[in-house]
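> I'd like to ask some things about the structure below.
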Amino acid sequence: LRNRVAACLDVSLDGRHATLVAAAVAPDGRVRVEVVEHWENTHALRRGLARAVAKVKPRTFCWFPNGPAARVATALTARPNKARRTAAWPPPGVTVEEIRTEAPAVCMGFADLVDNRQLVHPDDELLTAHVSAAEKAWQGAVWVFERRRNEDGQVIETSSPIDAAYAAAGAVHQARLLPVPPRRTKLRVAK
């Protein structure tokens, strides 16, 4: 699945947590998802993101610029590395995509895979906690993830962040958009 990997980053509303998740579509159509790295603040994220993405070597890296990840937008902008005459960000071979308008499709598509048992994951505690803390925020006939609210409609400040849920959903969305690589066929030589 190495040539089918997409990675996504999201940041919590308060900026005290960030998660990088990778996903790939398996030949049977199921999608495998894994938390690659998580950080306890945006300073640590800025220091470690390029290294974490380079380790995974995804074909595409995505993020949500219209959400809390906007606080690290400058870290996600391509910049030259004068010493090596290459880009310091993104790592070589990785394209950066912004998920701007598809948030409902990202969240609802992720939930659909879960409902139909088409999502494979290693039972990661962080991912499970963030997905469990997410609720549906309806926007007309569609919805996105949001943190749990109390009876008065206020976000419960003690609830778990949900950045890993968004990162997983974004990675899954981008992985499903990647073109399917051509099938390898065995060449038979006549004797």
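> Please tell me if Trp63 is surrounded by 15 or more Cβ atoms within 10 Å (Cβ to Cβ) and modelled with pLDDT of 95 or more.
Yes; evaluated as a whole, the condition is true for this residue.
> Further question: Among the residues of region 121-153, how many are open to solvent by 40 Å² or more (accessible area, probe 1.4 Å), at negative phi and not charged (D, E, K, R)?
Qualifying residue count, region 121-153: 11.
> Now a separate question. Failed condition for Thr128, given (1) within 22 Å of Val35 (Cβ to Cβ); (2) touching a residue at least 24 places away in the same chain (Cβ under 8 Å), with all others met?
So the condition that Thr128 fails would be (2).
> Something else: Which members of region 111-159 meet the condition of being assigned to a loop (DSSP other than H, G, I, E, B) and out of contact with any strand residue (DSSP E or B) (no Cβ under 8 Å at 6 or more places or on another chain)?
Of everything in region 111-159, those that are assigned to a loop (DSSP other than H, G, I, E, B) and out of contact with any strand residue (DSSP E or B) (no Cβ under 8 Å at 6 or more places or on another chain) turn out to be Asn116, Arg117, Asp123, Gly140, Ala141, Asn150, Glu151, Asp152, Gly153, Gln154, Glu157, Thr158.
> Can you tell me which residue is least open to solvent (accessible area, probe 1.4 Å) among those in region 96-109 that are over 25 Å from Ala54 (Cα atoms) and in contact with a His (Cβ under 8 Å, 6 or more places away or on another chain)?
Checked region 96-109; the qualifying residue least open to solvent (accessible area, probe 1.4 Å) is Gly109.
Here is a yes/no grid of residues against (1) in a strand (DSSP E or B); (2) in contact with a strand residue (DSSP E or B) (Cβ under 9 Å, 6 or more places away or on another chain); (3) over 22 Å from Thr128 (Cα atoms); (4) open to solvent by less than 40 Å² (accessible area, probe 1.4 Å):
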residue	(1), (2), (3), (4)
Gly15	no, no, no, yes
Val21	yes, yes, no, yes
Asp28	no, no, yes, no
Glu34	yes, yes, no, no
Ala44	no, yes, yes, yes
Gly48	no, yes, yes, yes
Lys55	no, yes, yes, no
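The values are calculated or read from the model by the stated rules, or taken from the named source; none is laboratory data. As the structure is a prediction and not an experimental result, all values here were calculated from the model. Note: ideal-geometry Cβ built from the backbone for every residue, glycine included; neighbour counts use all protein chains shown. For accessibility, only protein heavy atoms count, side chains too; no ligands or nucleic acids. Shrake-Rupley method; radii C 1.70, N 1.55, O 1.52, S 1.80 Å.
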